[in-house]
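Just so it is clear, none of the values below were taken in a lab; they were calculated from the coordinates. Model, not experiment: these values are computed from the prediction. With ideal geometry, Cβ positions are generated from the backbone for all residues, glycine too; neighbour counts draw on all protein chains shown.
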Amino acid sequence: MYEHDVIVVGAGGAGLRAAIAAHEAGADVAMVTKLHPVRSHTGAAEGGINAALQEGDDWELHAYDTMKGSDYLGDAPAVETLAQDAPEETINLEHWGMPFSREEDGRVSQRPFGGLSYPRTTYAGAETGHHLLHTMYEQVVKRGIQVYDEWYVMNMATTDEPDPNDRECHGVVAYDVQSGKIEGFKANQGVVLATGGPGQAFDHTTNAVSCTGDGHAMAYRAGAPLEDMEFIQFHPTSLPSTGVLISEGVRGEGGILYNSEGERFMFEHGYANNSGELASRDVVARAELTEVDEGRGVEDEYVHLDMRHLGEDRIMDRLENILHLAEDFEGVDGLVEPMPVKPGQHYAMGGIEVDENGQTCVDGLYAAGECACVSVHGGNRLGGNALPELIVFGKRAGRHAAGDDLGEPKIRTGYGDDVEDETETELPVAPGEAGLDTTGGVAADGGVTADPEGILERTVETARERVDRLMDKEDGVQHAEIRAKLQQAMTDYVNVFRTEEGVKKALEIIRECRQEYQDVYVDDPSRTFNTDLQQTIETRNLIDVAESIALGALVRDEFRGAHWRKEHQERKDEEWLKHTLISWDDGEPSIFYRPVILEGQNKTYEPKERSY
Amino acid sequence: MSTQQAEPESQEAPEDPEMKGAESPAAEQQKGGGMVDEQAEKEAELEGETVHIKVFRYDPEVEGKQEPRFDDFHVPFTKGMTVLDSVMYARDEYDSSLTFRHSCRQAVCGSDAFFVNGKQRLGCKTQISDLEQPVRIEPLPHQEVVKDLVVDMDHFYDQMHAVEPYFQDEDTPETDALEEQRQSPENREKIKMSSRCIWCGACMSSCNIAAGDNEYLGPAAINKAYKFAMDDREGEEIKEHRLRILEQEHGVWRCQTQFSCTEVCPKDIPLTEHIQELKREAVKKNLKFW
């Protein structure tokens, strides 16, 4: 067994920032990651970091843009914290040596991004995430923070009181990918989940293969609700064949979208008469698919993104990486022809419900970054707002877990007297655990006991038994089959355009996946670097996360931000200024709602029509 | 479970009228310069075919895999298929024990450097249509094999950590100072290529010197040090400190300018040039009359 004050799970941007902050607050901190830190998917972020740095810009403008972008589903205390802390955190990265792009006077450059009223996106070429990730890992090395790399965290060691608000998290159980050894990691003060996005729940995604929603699923099963999971961002410009991301920076620098008829459709078909290509991402993604649906797509599949008019010098200076991506992954030379693009799953606005200090309703359990929902992005995330979230809230979670006093949070978490139960929606199939025995079947998971003393040892035992069962089983279904079916269902039915019938169909297929998972087995008999085993466990996590996305998409019968419903094409502020929360409830999920907080420090954000 | 696949290598390409017909104007427009045309041609040839890959297999604890061997897979070709796509397909469809690291699929996480047809390459950015068949896919040479295509990266990480791979500042500004350090666009450009390293280890694996001298820092670590040494924000004193680390016995002087690292770098970093530039800096520092 290993023991530390603070355990950070995941070593992307949020995890690294949390670890550094916890270390600076005096805690003995360790990072546990299924990859090596520099492999984390933060490294694929291209565009930039929004921060009100310049004179003439103001954190209040950033907060306003973010709230508008969220379609008034962001919580003001979180949104304002993000906007206020982003400048200091961005400059801090510069002081750590991050190679930002520069102006002639030597200051860091900023460029326009979608949905922003001021050019406040700080960047480092079109590879901002790569530099942010490496810069922070360098700081972890400098501080000698312990990293357990290629250790896959399987489960939280959480007590099992009936009410999740009474539970405590005492650590995690992980296995060493290289040797197969399963061990407990005791956290004396707290566990920070920073496990990234759940993009692999979808078939066409910009996300890495490792983005399997592990943290989401583990926290969910430990009792922390998942919030606003129906809000999935589909990035308007991913390459059609691979899902590789083409940065919004291309449009920020002046790139233009054309349909097959050569029309600049964002303007010519009236999708965004003011902002055109730089409208919010959900607006552009829907516009592209509408063009394709109405027969104006190229090869009935995609549209063209043209940056040739920017000229080679500017492209080489600011968007060089885009040329490499288009050439290597789509065989297209962006200097001589337009690039094919279509919407691809990109980001989850929702996640593990936390307050401004990163804390869930389970004592000692924190989450930060994409796996968390504070919520700053609400119904739709603005480009350039993910990276500042990592550093601002990663830092807060790390500090709080290490015992720093950050003040009383304004955001509440867990089931409480301020929530409202879901009572109306009829589900086509029961969600949740498929097996009769949640601890005995192959799919066993979840908390084990209410005894805090032996909790970690008991959880380790359960994990070992679970792995033995998966490995000992001689035949059955393999994870790849289940995963492919799940991903296809999500991309077919819970995509940009959603219908009640489609989402119900998805829930039925997810149910089938759960049932098939009861019969899953691991064919590779080796304990050494068994990716078959790891992916089998990940697939279980994907099923839980996909189900929560589909459930959210079904109950929210309105159109807000990235969530569009065919039968309900208007935003319903009377009814829906509230977050969707899904609680695992020991295998029988329940849904409830918590009102959004629109009251900021100096003003209340009144919902307005969101036009660009 | 057998790793040999049913589809024979010699199978004729099935008739595909769409492929043989004239190309649509949209497809025509899709293509651009000569390079892209060539690739499209090769892809057209492979359409409907399977690709033959020979993959290195080894597992220290599984009977039959303790002696290294090659397994043959025949993977249906799809447009744009990369080496990584081919092994993922083989794993998901034929043999779930086939093991390799991969994550982002877009050449930024640096997980999937393999030895492909005798050269270190990133699996995800190598088009399979560019390669001669059968495509031989092996783990990176000069590193201990853990299993199949997975090598032990610990030595590589140790070398990276040995060059103090973090920004150092003479007067370390406190984090609450809301003012950035200035850096000229030219100086930023100077360190740009060096900052692109994704720690894939291809360079280290290709280097003869590193193969013979386990303590040699290697091209990636020296390049990491270059990034900081050339950054004006660090200042002269720290630069000197960095050069002292680099001119030690197993540092820059070991490089014999064979350019193998530069040749295999998937991010096109001029590693050999960076190493030579650091040698020159070290000479300048030591020869006071320079």
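If you take each beta carbon of peptide A:323-331 and count the beta carbons of other chains within 10 angstrom, what is the mean?
Mean inter-chain Cβ contacts per residue within 10 Å come to 6.
If R0 is 45 Å, what FRET efficiency do you get for residue A:412 and residue B:154 from their C-beta distance, rounded to 0.05?
0.50
What is segment A:236-343's relative contact order, in percent, from Cα pairs under 8 angstrom and six or more apart in sequence?
Computed value for segment A:236-343: 36 percent relative contact order.
Among the aspartates and glutamates, select those whose C-alpha is under 13 Å from the C-alpha of residue B:279, and discard any that sit fewer than 8 residues away in the same chain.
B:240, B:247, B:249
What residues qualify as long-range amide H neighbours of residue B:135, i.e. H under 5 Å apart, gap of 5 or more or another chain, H built at 1.01 Å from N?
B:52, B:53, B:54
Please tell me the relative contact order of chain A in percent, rounded to the nearest whole number, where contacts are Cα pairs under 8 Å and at least six residues apart.
Relative contact order of chain A: 22 percent.
Report the gain in length on full extension from residue A:473 to residue A:429: 0.36 nm times residue separation, minus Cα-Cα distance, nm rounded to one decimal.
13.0 nm
From other protein chains only, count the Cβ atoms within 10 Å of every residue's Cβ in A:122-133, then give the mean.
2
Taking segment A:88-149, which GluC sites (Glu not before Pro) meet the DSSP loop condition and have no more than 11 other C-beta atoms within 10 Å?
A:104
Using the alpha-carbon centroid of each, what span in Å lies between segment A:299-377 and segment A:540-555?
Computed from Cα coordinates, the inter-centre distance equals 22 Å.
Given points 7 Å out from each Cα along the Cα-Cβ axis, report the residue A:261 to residue A:500 separation in nanometres with one decimal.
Here the modelled spin labels are 3.4 nm apart.
For a quick protection proxy, order the peptides A:338-348, A:309-319 by their average other-Cβ count within 10 Å, most packed first.
Final packing ranking: A:338-348, A:309-319.
To the nearest 10 degrees, how steeply does helix A:59-69 sit against the main Cα axis of chain A, on a 0 to 90 scale?
Roughly 80 degrees, rounded to the nearest 10.
Just checking the output field for B:111-121: average partner chain Cβ neighbours within 10 Å of each residue's Cβ?
The shielding value for this peptide is 1.
What are the chymotrypsin sites (Phe, Trp or Tyr not before Pro) within segment A:92-186 that DSSP puts in a loop, where the Cβ has at most 13 other Cβ atoms within 10 Å?
none
State whether segment B:187-247 is rounded, prolate or oblate according to the following rule on the C-alpha gyration tensor (a ≥ b ≥ c being the square roots of its eigenvalues): a/c under 1.5 gives rounded; otherwise a/b larger than b/c gives prolate, and the remaining case gives oblate.
Judged from the Cα gyration tensor, segment B:187-247 comes out oblate (a/c at least 1.5, b/c at or above a/b).
May I have the pair-distance distribution P(r) for the protein assembly as shown, computed from all Cα-Cα distances with 20 Å bins from 0 and rounded to whole percent?
15, 50, 33, 2, 0
Only counting other Cβ atoms within 10 Å, I'd like B:126, A:195 sorted with the fewest neighbours first.
If I rank by nearby Cβ atoms, fewest first, I get B:126, A:195.
Within the set A:34/A:395; B:147/B:267; B:227/B:285; A:34/B:119; B:125/B:227; A:68/A:572, which residue pairs have Cα atoms separated by over 23 Å?
Checking Cα-Cα distances, B:147/B:267; A:34/B:119; B:125/B:227 exceed 23 Å.
How far apart, in nm, are two points set 7 Å out from the Cα along the Cα-to-Cβ line at residue A:301 and at residue A:188?
Each label point is offset 7 Å from its Cα along the Cβ direction, giving 5.7 nm.
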